[in-house]
Amino acid sequence: MNECVLPDPSGFFEIRFESIGGLGAHAAGQILARAAVLKMNLNGSHFSSYGSEKKGSPVRSYVRLGAADKPIRTSAPIDSPDVIVVFHGALLDQDITIAGMKNSGTLIFNGPADEAHEFLEKIPKGTRVVRIDATNIAIEELSRPNAVLLGTLTATVPFLDGDIVLSTLTEKFAKRNPQAAASNERAFKRGAEEYEVLEGVGKGEGDLPVIRPSPVLGYETAPIGGVIPYAGNTVSNDLSTSRTGWMPLFTAKECIHCGLCATVCPDFCLVWTHEQEGEEVPVVRLKGVDYQYCKGCMRCIETCPTEAMTRVTETPGLADRERVPLYSQGATGA
Amino acid sequence: MATEIHAVLQDQDGGNTAGVASQSTDFLSGNEAAARAARDIGFHVMGYFPITPSTEVAETLSKMQAAGEHEIMMIPADGEHGAAGICYGAALGGGRVLNATSSQGLLYALEQLPVQSSTRVPMVLNVATRAISGPLDIRCDHSDIYFALNTGWIILLAREPQAVYDMNLAAIRIGEHADVRLPVLVAYDGFFTSHQKRRVEVIEDKQALQEFLGTPETPFTALDPRHPVTFGPYMNDPDLINNKKQHSLAMEAARQVIPEVFEELEKLTGRRYPVMDSYHMEDAEVALVLLNSAAETAKEVADRLRGEGKKVGVLSLNMLRPFPTDLIRQALSGVKAIVVGDRADSYGADGGNLSLEVRAAIQVDPDNRTRVLTRIYGLGGKDFDDADAEEFFNEALETAETGEVKEVFAYHGTYAGDPDKHVPHGLPAIEKGEVTRGMATVTENPETGKLNVELKPLWAMAEVPSRIAPGHGACPGCGAFPVLHQVFSVLEGDVVVLFQTGCAMVVTTGYPKTAHRITYIHNLFQNGAATLSGLVEMYHELLRRGELPDSPDITFVMVTGDGGMDIGMGSALGAAHRNHHMMILEYDNQGYMNTGAQLSYSTPLGHRTSTSEVGSKRKGKVTHHKDTPQIFSAAHVPYVFTASEGYPEDLMRKAAKAQWYAKNEGMTYGKILSFCPLNWTTTDDAAESVLQVAIDSCFFPIYEVERGITNITYDPEVLGRRRKITEWLGRMGKTKHLMAEGNEQRLAAIEEEAERRWRRIKAMHEHPEL
Ligand SMILES: Cc1ncc(C[n+]2csc(CCOP(=O)(O)OP(=O)(O)O)c2C)c(N)n1
Ligand code: SF4
Ligand code: SF4
Ligand code: SF4
Ligand SMILES: [Mg+2]
């Protein structure tokens, strides 16, 4: 067993993965903690936040590491991590993602080179900011972003033994799927090599505060019995982060307005208008997609008999430019 | 699996003791630890029904079973009531029996628990504790196990994964002890312990473990015909009270037996469990009394406060039933003030059960001066962290100092609300006119009595406002929503829906948001149909009495998953036999998807689910899929249909007919094959192709049974589109293993059964009297 010594052996070293369901943050945390406990002679715990475990919904995964003889008693989530790993660029725009970031800590995020992130300014000055294009590496290596990000994490946090983490990752797949094991290994190694340390991005003073979101309603303001008298108020939700790199693009001139896509879209995000042409019967026409709700499943494309819906890579700002809103701003309360 | 063998083991407090049995270190969650213990014990039978957060016990055992690591007979019940029955029956046979559940599952089983304990039949039930409904909350509190306090079961507590493993071993010995003979419940905190992975030492020395466990011995068994016995006689006064006295004596005996077994466990493992866990209590002036994971958090804070010179301690229990009354009384005799944290309320009793019992324990001591404060905390999974523990300590310290109790009973960590904060108000109610546009026109042919449905083109329907708003949280590509959308496109007028528990319910109603634009009710899936039938009859009664303003014309629709038609079958058939005017729509995604894809009775043979895993020894589900439409057909309701989201027009026609029948004649039922990319393991956009072959292979026949007459509405054979079932199975990750060599027999069995059922439907189609 390798001896890995924590930067502060009397305390805990804490890591928080910020992700959405389907990107493998839970598995990554598990592999890391397993490697640490069984092969690095550390004590550790691992757990993830659970809501409904649907693909596309936010997931936080926590790894708490301590010296071998330090008991772990708390089961509370990690508020002020030493490292935050962000699996999806879009999450970077949310304060909660980087809440509790330490000035002495490290932030690793998944994103392509040269993508401006004004948001990073909020990060403490002293925080080391590391970028890695995990999505693209994962695609190229037929792996998943979690393998890449584990590689980056172990390369940038010296006491974590990369070889041990990699072998633990490989063990998980070796038996069931040797091909995946090889892909993951390549992805992991590229993650450990191709990262970039961004200098001078954080402008914040001191650690970022911990955020404890309080509910909107309390016992004096909530209708009794948990009743929700606000019909259809999920329209204020924004599900854009459910898309993982692609989106459907609508080309009006190719559309024959057959309505087939409406029967398959699980997210009701297609926008229709009612047009009356002269004396003719009214016709219903497809105007476009409200990307606030589109999860990028591509079922509309699969169903469309023409080329009106096509799959495109989602570049920054594209969805905003192409969006046709279903509801007025007031209705969504956004 | 870990291989490091530790000769020297750590006990609970971190000290080292020489262990007897060799052990290895692993990294396990509480649920995995329970499963590992089950494997090591080698139970004979497990009866279970999945429920978060305890499901992983069965899932882990299913994986191990597929890999040939154990031979426990695992029986997926039709619900927790059924699971409890299976376990009771199995235990009557004298072998070792296991179950795992949580929350509503424990409550649904509750009725069986006293039956089992009072007839003195041991088994082990793991409970990953979770809040109970209403408002359905999947996270931890103790409201479920508080209901178990009066069941007459032994209750052991496990505050971390290691303890879950150890308590399961101890449970066997305690329950089977000749002086006890009671079933044992092992309770650990949902998520905090059930899902948190920690270092766990597991026993490698199988022989030492078997010596510790011994062989199960039973004074009476239902499997010895040479010694016939009667279990469960009819018994009134004056006998029953004596039976209860025996039960009470067994609990008293357990007070002795439990510490003895814990001592033997220590010899086996090196880990020591006192029945009462006292931390810094020797000279404590104030203390917190807490159960399970919260007590561990409090210990950290106690260390810190001790460092500041404050005499604080933490009292917690490893044994909740029998309640260690004497030990608590002794431990608290010199303590000035305590805060008892209750992770569930006993509404109106001025304290949760733990507080009430602690207060009762100390009042026996005439000299006791301890002030007791009760705090209800951490409900529904609300975290209990250092700051919370510190606040409790401070309240106790203040009380100790002043000798005055400011507030005996209070909720901790609640939020009153801010009148300036608002929930988004959503969308206006849908006007009746907007959804009454004749998208489907149903007419009855006066001569033949047949219904004719005329549909508007799909593009015209695209504009009908959806009764479900966007913004719900289903997975990308989820089929349940196209199903609902297609049905709702043709339903005319006002609709009230009841959703049973499942994905569609959970993803549409995350408080304080709802995707439903029409009135929606959730009731748990064991009872949705009965609930809706009650509402239907109230509606008719109010109408009849002229008490419903504006006499709305409402259609009542119950939406359920296929799993809801397992656990809720009784309720649904009851409603069918009463023939209420309502529709039942089942979106069939072939599994319990909301809880992480366990097998349902609608899961076909050989399919992989998280409770029918694939490995060298097992290859997916071992029984065929349930034929729910034929069951409803046999209930002789006016209209039964099957459909798929892949054929919108066919589904829409049937939905329109179902509405007509529900209005005019009574109950209707429809089973709709519904795509689940996450758990069928396909791409998100594979719905069409996968569903198409499911139908063209005749695995899922598309037909209706109208007033008893069967009519196939899409016949792949007639259309020359029949395909092989393997074409369907090859398209999904969950069935890929069936394509590999060595599965020919299983494939043949699937084909044969599908073919047999298809032929039957065809015969019915051809012979109206069938
Ligand atoms: C009494 C009870 N037992 C178990 C559960 C856990 N549970 C919630 S939803 C669900 C599965 C539902 O399956 P299905 O009806 O097929 O709907 P799906 O999730 O597949 O959409 C289970 C097992 C519960 N809520 N209550
Ligand atoms: S399916 Fe294609 S052609 Fe038809 S309405 Fe939709 S986008 Fe237009
Ligand atoms: S990809 Fe198409 S079908 Fe899927 S959510 Fe977006 S618009 Fe709807
Ligand atoms: S798990 Fe399946 S049924 Fe549930 S929301 Fe996801 S896709 Fe839909
Ligand atoms: Mg289901």
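The values are calculated or read from the model by the stated rules, or taken from the named source; none is laboratory data. The structure displayed is predicted, hence computed values, not measured ones. Using ideal geometry, Cβ is built from the backbone for each residue, glycine included, and neighbour counts are taken over all protein chains shown.
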All positions within the range B:105-128 that are among the aliphatic types (A, V, I, L, M) and closer than 27 Å to residue B:191 by Cβ:
B:106, B:107, B:109, B:110, B:113, B:123, B:124, B:125, B:127, B:128
Within the range B:620-633, which residues are part of a loop (DSSP other than H, G, I, E, B) and either surrounded by fewer than 22 Cβ atoms within 10 Å (Cβ to Cβ) or within 16 Å of ligand 1 (Cβ to nearest atom) (or both)?
B:621, B:622, B:623, B:624, B:625, B:626, B:627
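Considering B:76, B:114, B:122, which residue is at pLDDT 95 or above and closer than 15 Å to residue B:592 by Cβ?
Criteria check complete, one pass: B:76.
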Would you mind telling me which numbered condition in (1) assigned by TED's automatic domain parsing to the domain that holds residue B:325; (2) surrounded by 13 or more Cβ atoms within 10 Å (Cβ to Cβ); (3) more than 26 Å from residue B:143 (Cα to Cα) residue B:364 fails?
(2)
Of the residues B:473, B:413, B:417, which single one is within 28 Å of residue A:78 (Cα to Cα), under 35 Å from the mean Cα position of the chain (by Cα), within 16 Å of ligand 3 (Cβ to nearest atom) and within 13 Å of another protein chain (Cβ to nearest Cβ)?
B:473
Counting only residues that are modelled with pLDDT under 95 and crowded, with 18+ Cβ neighbours inside 10 Å, the range B:235-283 contains a total of 0
Does residue B:660 meet the test of being under 30 Å from residue A:258 (Cα atoms) and under 33 Å from the mean Cα position of the chain (by Cα)?
no
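When you check residue A:227 against the structure, is it within 10 Å of another protein chain (Cβ to nearest Cβ) and of a type outside the set (Gly, Ala, Ser), yes or no? Spell out the reasoning first.
Details: within 10 Å of another protein chain (Cβ to nearest Cβ): yes; of a type outside the set (Gly, Ala, Ser): yes.
Answer is yes for this residue.
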Among (1) more than 16 Å from ligand 4 (Cβ to nearest atom); (2) of a type outside the set (Gly, Ala, Ser); (3) assigned by TED's automatic domain parsing to the domain that holds residue B:684, residue B:407 falls short only on (3)
If a residue counts only when it is at negative phi and of a type in the set (Gly, Ala, Ser), which strands (runs of 3 or more DSSP E) contained entirely in the range A:1-71 have at least 2 such residues?
A:42-48, A:58-67
Positions within the range A:213-250 being away from ligand 3 (no atom under 15 Å from the Cβ) and touching a residue at least 60 places away in the same chain (Cβ under 8 Å), in sequence order:
A:213, A:233, A:236
In the set B:489, B:466, the lone residue that is surrounded by 24 or more Cβ atoms within 10 Å (Cβ to Cβ), among the hydroxyl-bearing types (Ser, Thr, Tyr) and within 16 Å of ligand 3 (Cβ to nearest atom) is B:489
Return the only residue of A:33, A:25 being within 12 Å of the chain's Cα centre (by Cα) and either buried (at least 22 other Cβ atoms within 10 Å of the Cβ) or more than 13 Å from chain B (Cβ to nearest Cβ) (or both).
A:25
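Would you say residue B:498 is more than 9 Å from every other protein chain (Cβ to nearest Cβ), under 30 Å from residue B:459 (Cβ atoms) and surrounded by 23 or more Cβ atoms within 10 Å (Cβ to Cβ)?
On the way: more than 9 Å from every other protein chain (Cβ to nearest Cβ): yes; under 30 Å from residue B:459 (Cβ atoms): no; surrounded by 23 or more Cβ atoms within 10 Å (Cβ to Cβ): yes.
Against the criterion (more than 9 Å from every other protein chain (Cβ to nearest Cβ), under 30 Å from residue B:459 (Cβ atoms) and surrounded by 23 or more Cβ atoms within 10 Å (Cβ to Cβ)), residue B:498 does not qualify.
Among the candidates B:573, B:542, which residue alone is within 25 Å of residue B:599 (Cβ to Cβ) and away from ligand 5 (no atom under 16 Å from the Cβ)?
After ruling out the rest, the residue left standing is B:573.
When you go through A:311, A:299 one by one, which is the residue that is among the basic types (Lys, Arg) and within 7 Å of chain B (Cβ to nearest Cβ)?
Residue meeting the stated conditions: A:299.
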List every residue pair whose Cβ atoms lie under 6 Å apart, where the two residues are 6 or more positions apart in sequence or sit on different chains, the first residue falls within the range A:251-264 and is facing chain B (nearest Cβ under 7 Å), and the second residue, located anywhere, is within 16 Å of ligand 1 (Cβ to nearest atom).
A:264/B:482
Requiring at least 3 residues that are farther than 25 Å from residue A:20 by Cβ and away from ligand 1 (no atom under 16 Å from the Cβ), the strands (runs of 3 or more DSSP E) wholly within the range A:167-281 are A:270-275
Of everything in the range B:479-507, what is under 27 Å from the mean Cα position of the chain (by Cα) and within 16 Å of ligand 2 (Cβ to nearest atom)? Give them in sequence order.
B:482
For the condition more than 10 Å from ligand 2 (Cβ to nearest atom) and either acidic (Asp, Glu) or touching an Asp or Glu at 6+ places or on another chain (Cβ under 6 Å) (or both), what is the one hit in A:285, A:299?
A:299
Going through the range B:423-456 in order, the residues found to be surrounded by 11 or more Cβ atoms within 10 Å (Cβ to Cβ) and hydroxyl-bearing (Ser, Thr, Tyr) are B:436, B:441, B:443
Subset of the range B:572-604, residues over 16 Å from residue B:658 (Cα atoms) and away from ligand 1 (no atom under 12 Å from the Cβ), comes to B:573, B:574, B:577, B:578, B:604
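Considering only residues of the range A:85-114 that are assigned to a helix (DSSP H, G or I) and among the acidic types (Asp, Glu), which is modelled with the highest pLDDT?
Step by step, filter the range A:85-114, then rank; the result is A:95.
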Filter result for residue A:28 (closer than 22 Å to residue A:148 by Cβ and in contact (Cβ under 8 Å) with a residue 60 or more places away in the chain)
yes
Counting only residues that are of a type in the set (S, T, N, Q) and within 16 Å of residue A:173 (Cβ to Cβ), the range A:12-36 contains a total of 1
Tally, over the range B:193-243, of residues that are in contact (Cβ under 8 Å) with a residue 12 or more places away in the chain, more than 14 Å from chain A (Cβ to nearest Cβ) and not in a loop (DSSP other than H, G, I, E, B):
7
Between B:483, B:507, which is within 16 Å of ligand 4 (Cβ to nearest atom) and touching a residue at least 60 places away in the same chain (Cβ under 8 Å)?
B:483
